[in-house]
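Read through the structure below, which is laid out as structure tokens, and then see the notes.
FYI, it's all coordinate maths here, none of it is from the lab. All of these numbers come straight from a predicted model, not from anything done at the bench. Here Cβ is always computed from backbone atoms with ideal geometry, including for glycine, and neighbour counts include all displayed protein chains.
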Amino acid sequence: MKILIVEDEKNFCDLLELTLVQRLNAHVKIVDDMRNIQASAEKYLPDVILLDLGLGGEPNNSGFPVLRNFKRSARTKDIPVIIMTGNRNKEYLVQAFKAGINSYVLKPPEMDDLIERIKKIVQPK
């Protein structure tokens, strides 16, 4: 299983990567540079994308434009996306589902929950 993590908090990325490798035997690629996200996704073609919707902490650098780009691209539009967010606002989550996410986890995620969501979304090939 190939997982792309789009997250700008290095310590959190390290924990996620370690957990996903150990628990799912996943191949993990981390992207934390806003300029290379789409190109990395199109080159790596993961089975699932874990996307931090609060990238950079700035409204203009949020994960929503990144998510929209994933869903507009012919190469990435069918890749499932799980967002990771600290925002518990219902309308925010509704917007995310309308933009095309498959699931979400609240940060910091309960790792067992995240693993189960990934397993449910990524069908064995």
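Across the chain, what fraction of all alpha-carbon pairs, as a whole percent, falls in each successive 5 Å bin from zero upward?
Binned Cα distances yield the sequence 2, 11, 24, 27, 22, 12, 2, 0.
Pairs to check: LYS2/LYS107; LYS77/LYS120; LYS29/LYS119; LYS29/LYS90; LYS43/LYS107; LYS2/LYS90. Give those whose C-alpha atoms are more than 25 Å from each other in this structure. Write down the numbers at each step before the final one.
Numbers: LYS2/LYS107 22 Å; LYS77/LYS120 18 Å; LYS29/LYS119 18 Å; LYS29/LYS90 30 Å; LYS43/LYS107 27 Å; LYS2/LYS90 30 Å.
Beyond 25 Å between Cα atoms: LYS29/LYS90; LYS43/LYS107; LYS2/LYS90.
What distance in nm separates the two pseudo spin-label positions at PHE12 and ARG68, each 7 Å out from Cα along the beta-carbon direction?
2.2 nm
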